[in-house]
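Have a look at the structure below, then the notes.
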Amino acid sequence: MITRSPAHLQRHDEAKPLALPPAWQAQLAGAVRDPAELCRRLGLDATWLPGAEQGHALFEVRVPEAFLTRMRPGDPADPLLRQVLPLDQEAWTTPGYVSDPLEEAAHTPARGLIHKYHGRVLLITSPACAVNCRYCFRRHFPYAENSPSRAQWEATLEHLRRDASITEAILSGGDPLAASDRQLAWLVERLAAIPHLRRLRIHTRLPVVIPDRIDAALLDWLGASRLQKVVVLHINHANEIDQAVVDACARLKAAGITLLNQSVLLRGVNDSVDALAALSERLFAAGVLPYYLHVLDPVAGAAHFDVPDAEARELVAGLREVLPGFLMPRLVREIPGEGSKTPL
Ligand code: SF4
């Protein structure tokens with residue numbers, strides 16, 4: 001008879017468990033995708049909301065649980081809900097509102113690459129988002145034509161290697177952090193091997209809508225890169241920032257990453273001095289500096305969010321009266337063909 005020694009038992013106990021997908025991926029997969037379900041969870045009668053079902057045919061709902069829990073139950077005007085629940089407004093056609101408002105199709109020299117500005121390029125790193133935002137200027141973007149395979153990434157990387165004027169790579173999407181850590185580590189390692197690249201910028205909403213995305217695996221590859229790292233979050237309202245978001249920001253800062261935020265000025269979401277001031281204050285308390293306040297890009301289906309320029313300027317003037325200068329975001333518009341954002 002064979003008797004197992006304690007050492008055998010110990011080895012057995014230490015056997016590696018089957019690898020589970022990271023918690024954030026389960027949350028991504030479990031996001032609410034049905035407008036009726038979203039309304040039910042918030043105690044709202046979908047029949048109060050004109051066109052919730054029809055709007056869904058034009059714009060898909062996707063709301064992770066962690067974001068949903070920050071919405072006010074029973075309030076159809078909740079500023080977070082307004083950003084994600086499509087209504088009959090999605091079907092409005094408004095002159096000047098088009099599918100590619102920033103004319104990005106004219107600036108894609110390689111698959112997945114947008115090169116509009118001097119010194120920096122934008123890489124469409126993931127076609128997926130963790131949340132679908134109704135005002136997004138890429139809501140009609142042809143992601144299927146701009147999702148490179150690894151072999152196609154080589155051509156994109158070659159564009160960066162050949163142009164020594166490019167010093168900054170911006171990972172965008174979709175949401176770049178919707179890609180797996182394996183894919184991102186592969187890409188960032190290749191970017192860091194390009195000697196003239198200095199900075200890596202990541203435009204993401206994932207740390208906000210699924211704070212668990214900022215986990216040890218992500219911090220490993222991001223923290224290890226020689227490139228200077230900047231994460232530009234996208235938060236439009238103070239209610240988006242709860243303790244889990246604050247903690248995710250703290251993990252990024254502890255890894256030496258600079259945190260900035262960009263917002264979009266949205267009718268019914270943040271179009272008041274009080275809302276914008278509260279956002280700046282809460283961002284700074286979380287270690288994030290307000291960076292840009294964008295006026296709406298004229299993307300088809302989102303005209304109902306527009307705040308006219310004169311009103312936007314008045315809001316910013318009011319904001320200046322209540323905030324210190326370092327908490328003031330810059331009010332800008334992106335104009336196709338311009339070499340940078342245009343201050344308003
Ligand atoms: S790209 Fe950003 S703004 Fe657009 S839907 Fe995705 S998360 Fe929202």
Exercise. Can residue 196 be described as open to solvent by 10 Å² or more (accessible area, probe 1.4 Å) and within 15 Å of the ligand (Cβ to nearest atom)?
Worked result: no
For this session: Give 333, 313 a once-over and let me know the one that is open to solvent by 20 Å² or more (accessible area, probe 1.4 Å), at pLDDT 95 or above and among the basic types (Lys, Arg).
Result: 313
Seminar exercise, completed: Expected output for the stretch 211-240 (first residue under 20 Å from residue 84 (Cβ atoms), partner open to solvent by 30 Å² or more (accessible area, probe 1.4 Å) and in a helix (DSSP H, G or I), Cβ below 6 Å, 6+ apart or cross-chain) is 211/244; 212/23; 238/278; 238/282
Exercise. For the subset of the stretch 203-224 comprising residues that are open to solvent by less than 20 Å² (accessible area, probe 1.4 Å) and closer than 13 Å to residue 181 by Cβ, which member is nearest to the ligand (Cβ to nearest atom)?
Worked result: 206
Exercise. For the stretch 234-265, what are the residues that are open to solvent by 10 Å² or more (accessible area, probe 1.4 Å), over 18 Å from residue 63 (Cβ atoms) and away from the ligand (no atom under 16 Å from the Cβ)?
Worked result: 243, 246, 247, 250, 251, 253, 254, 255, 256, 258
Exercise. What residue, among those in the stretch 53-75 that are open to solvent by 60 Å² or more (accessible area, probe 1.4 Å) and assigned to a loop (DSSP other than H, G, I, E, B), is nearest to residue 275 (Cα to Cα)?
Worked result: 72
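Looking at residue 178, is it open to solvent by 10 Å² or more (accessible area, probe 1.4 Å) and touching a residue at least 60 places away in the same chain (Cβ under 8 Å)?
yes
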Exercise. Inside the stretch 281-335, can you point out the residues that are in a loop (DSSP other than H, G, I, E, B) and over 21 Å from the mean Cα position of the chain (by Cα)?
Worked result: 307, 308, 323, 324
Problem set entry | Residue check, residue 300 farther than 23 Å from residue 123 by Cα, of a type outside the set (Phe, Trp, Tyr), within 16 Å of the ligand (Cβ to nearest atom) and modelled with pLDDT under 95 | yes
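Hey, among 60, 90, which residue is in contact with a Leu (Cβ under 6 Å, 6 or more places away or on another chain) and under 30 Å from residue 335 (Cβ atoms)?
Values: 60 fails: in contact with a Leu (Cβ under 6 Å, 6 or more places away or on another chain).
Going through 60, 90 in turn, just one is in contact with a Leu (Cβ under 6 Å, 6 or more places away or on another chain) and under 30 Å from residue 335 (Cβ atoms): 90.
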Problem set entry | Candidate set: the stretch 147-174, residues that are out of contact with any Lys or Arg (no Cβ under 6 Å at 6 or more places or on another chain) and within 16 Å of the ligand (Cβ to nearest atom); chosen: the one modelled with the highest pLDDT | 171
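Any residue in the stretch 114-130 that is away from the ligand (no atom under 16 Å from the Cβ), charged (D, E, K, R) and on the phi < 0 side of the Ramachandran plot?
Yes, that holds for at least one residue.
The values are calculated or read from the model by the stated rules, or taken from the named source; none is laboratory data. Computed from a prediction, not measured in an experiment: that's the story for all the values here. When we count neighbours, we look across all protein chains shown, and the Cβ atoms used for this are built from the backbone with ideal geometry, even at glycine. Ligands, DNA and RNA are stripped out before the accessible areas are found, and what is left, the full protein with its side chains, is counted by its heavy atoms. Shrake-Rupley method; radii C 1.70, N 1.55, O 1.52, S 1.80 Å.
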